[in-house]
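None of the figures in this text is laboratory data; all of them are computed from the coordinates on show. Computed from a predicted structure; not experimentally measured. Note that each Cβ is placed from the backbone with ideal geometry, even for glycine, and that neighbours are counted across all protein chains shown.
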């Protein structure tokens, strides 16, 4: 992997397309270009659990935000890079639909509330709306 390579990586529970901007020993700095999977809501240490001390709202990494990731979790990306706003909307909608399909679960209900709050922030940040 080298500077300028386009890659796919996970960060916490999200999945992104990015460009490598720096290479350290076992870490890469990646500039986010698109969102493939929106991060799950809630506590990272207690996934899919509603009964936690603090239920986190997790936004996707921002367009061109730089983040450090371990080299071992990075894979090359082939193909066209989708528009960030379009990819964010698509990833957000996919997560929301998955949660709505099982809305009777207490975790899913809390996650949907968190997503509603995040959607308002995305509308302000990126001028996009969600159905």
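As a proxy for reagent exposure, 77, 16 were ordered by neighbouring Cβ count within 10 angstrom, fewest first; the result is 77, 16.
With the contact rule set at Cα under 8 Å and sequence spacing of 6 or more, what percent relative contact order holds for the chain? Don't skip to the answer; put the middle values down first.
Values: 226 pairs, mean separation 31.6, N = 131.
This gives 24 percent for the chain.
Given R₀ = 35 Å, what would the calculated FRET efficiency be for residue 128 paired with residue 71, taking r from the Cβ atoms and rounding to 0.05? Efficiency computed from Cβ-Cβ geometry: 0.60. By how many degrees, between 0 and 90 and to the nearest 10, does the Cα long axis of helix 106-126 differ from the longest principal axis of the chain? The angle comes out near 60 degrees.
Over the chain, the fraction of Cα-Cα pairs per 5 Å bin, rounded to whole percents and listed from the shortest bin up, is 2, 11, 20, 20, 17, 14, 10, 4, 1, 0. Going from the residue with the fewest nearby Cβ atoms within 10 Å to the one with the most, 127, 117 rank 127, 117.
Among 102, 78, which comes first, then next, by fewest other beta-carbon atoms within 10 Å?
Working: 102 10, 78 7.
Least to most surrounded, the residues fall as 78, 102.
For the chain, the longest principal axis of the Cα atoms and the long axis of helix 84-101 meet at an angle of about 40 degrees. With the helix formula -39500 (n - 2.57) applied to DSSP H stretches of n ≥ 4, the chain reaches a computed 222 nm mean residue ellipticity of -10000 deg cm²/dmol.
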